[in-house]
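Report on the following structure.
The values are calculated or read from the model by the stated rules, or taken from the named source; none is laboratory data. Keep in mind it's a predicted model, so treat the numbers as computed, not measured. Cβ coordinates were reconstructed from backbone atoms using ideal geometry, including for glycine residues, and neighbour counts include every protein chain displayed.
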Amino acid sequence: MVQQIQVTGQKDTRSGFGDGIFELGKSNPNVVALTADLAGSLKLNAFIKSFPDRFIQCGIAEANMMGIAAGLTIGGKIPFTTTFANFSTGRVYDQIRQSIAYSGKNVKICASHAGLTLGEDGATHQILEDIGMMKMLPGMTVIVPCDYNQTKAATLAVAEHQGPVYLRFGRPVWPIFTNPDEKFVIGKAQYFNEGTDVSIFACGHMVWTAIEATRELEKEGIKVDLLNIHTIKPLDTPAVLQSLQKTGCAVTVEEHNVIGGLGDSIAHAASKNLPVPIEMIGTNDTFGESGKPTDLLIKYGLDKEHIIAAVKKVLKRKK
């Protein structure tokens, strides 16, 4: 299956969000976009031009934006807050916890420029803890789509979902390889390859890197069960366990700290139901640094070669 996956273009995932919310604006009059002085970076220009009365520029006041969004839900609106992932979570965690999550407000927290691939902006902006922070909030849905098409589809899907959502995407141009017509199902893992030797669970930008690694591994006769875990919470536990039952070991791959992210969720599910050897690809209890996105991914071990090495290591542990 993985050999049949074709790249149809390249585009940043944040543009998938921008095009998705523009489409929502045309079909759902309750959708409102809010930003903290980052309308251009979050690709909101088309939405703003067509629906100026449903756009709120909050300025560099992220905490206030979260409060406004929570209030808008009381009147039946569906607010989409937009800023960088660092400012969407770390700067406003108290407001999200108290004003949104605690009362289950129907706010969609849309976070761009996440992870190491933010690149030259450096460690202060490359948040690598946000998935963990958000998935620990009761009732919060956490979604990390893998490319432009899937980000657009996820944006449409979260508008239909009742309750708070954290939607994480990125800045760099990235391969487009998913079907543009495929409906996004929250909480349902996506299969990219079926195998019996090792499971690879990936999310976000790392799904494409995992596909590249899988191609190399299969040339060596290693059969990979590859799943895109685009919804970190609620986790598709049945799909995870079904894969682990087949393979008996796993590698997790994420552009996030291995503490608190996708790897922790997979390990938690496995330890409760089907303990197996697991290796985790991600940043290891560290901040990032300024640099080119691809260089940073290599330096911090989030590239194809490190995935391949982790697979071979976990296979030895299985034996």
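If the condition is being touching a helix residue (DSSP H, G or I) at 6+ places or on another chain (Cβ under 7 Å) and not hydrophobic (A, V, I, L, M, F, W, C), then region 290-319 contributes S290, G291, K292, P293, Y300, D303, K304. Are any residues in region 180-232 part of a strand (DSSP E or B) and of a type in the set (D, E), and if so, which ones? Hit for region 180-232 is D225, nothing else. If you check A202, A210, A250, A239 for being in the same structural domain as V314 (by TED's automatic domain parsing), surrounded by fewer than 24 Cβ atoms within 10 Å (Cβ to Cβ) and hydrophobic (A, V, I, L, M, F, W, C), only one passes: A239.
For region 212-242, the set of residues classified as under 18 Å from L315 (Cα atoms) and among the β-branched types (V, I, T) consists of T214, I222, V224, V240, listed by residue number.
Taking the criterion of being on the phi > 0 side of the Ramachandran plot and buried (at least 24 other Cβ atoms within 10 Å of the Cβ), the residues of region 98-124 that qualify are H113, G115. List the number of the failed condition for K26; all other conditions in (1) within 22 Å of the chain's Cα centre (by Cα); (2) surrounded by fewer than 23 Cβ atoms within 10 Å (Cβ to Cβ) hold. Single failed check for K26: (1). For region 69-97, the tally of residues that are part of a helix (DSSP H, G or I), of a type in the set (A, V, I, L, M) and crowded, with 18+ Cβ neighbours inside 10 Å stands at 5. The residues of region 286-304 that are in contact (Cβ under 8 Å) with a residue 12 or more places away in the chain and either outside any helix (DSSP H, G or I) or out of contact with any Leu (no Cβ under 7 Å at 6 or more places or on another chain) (or both), listed by number, are T286, F287, G288, E289, S290, G291, K292, Y300, G301, L302, D303, K304.
Just one of the listed residues (L244, L167) is in contact with a helix residue (DSSP H, G or I) (Cβ under 9 Å, 6 or more places away or on another chain) and farther than 29 Å from D121 by Cα, and it is L244. The residue of region 125-159 that is surrounded by the fewest Cβ atoms within 10 Å (Cβ to Cβ), among those that are among the polar types (S, T, N, Q) and over 22 Å from P293 (Cα atoms), is T141.
Residues that are more than 16 Å from L227 (Cα to Cα), out of contact with any His (no Cβ under 9 Å at 6 or more places or on another chain), part of a loop (DSSP other than H, G, I, E, B) and in contact (Cβ under 8 Å) with a residue 12 or more places away in the chain do occur in region 262-274, at least one of them.
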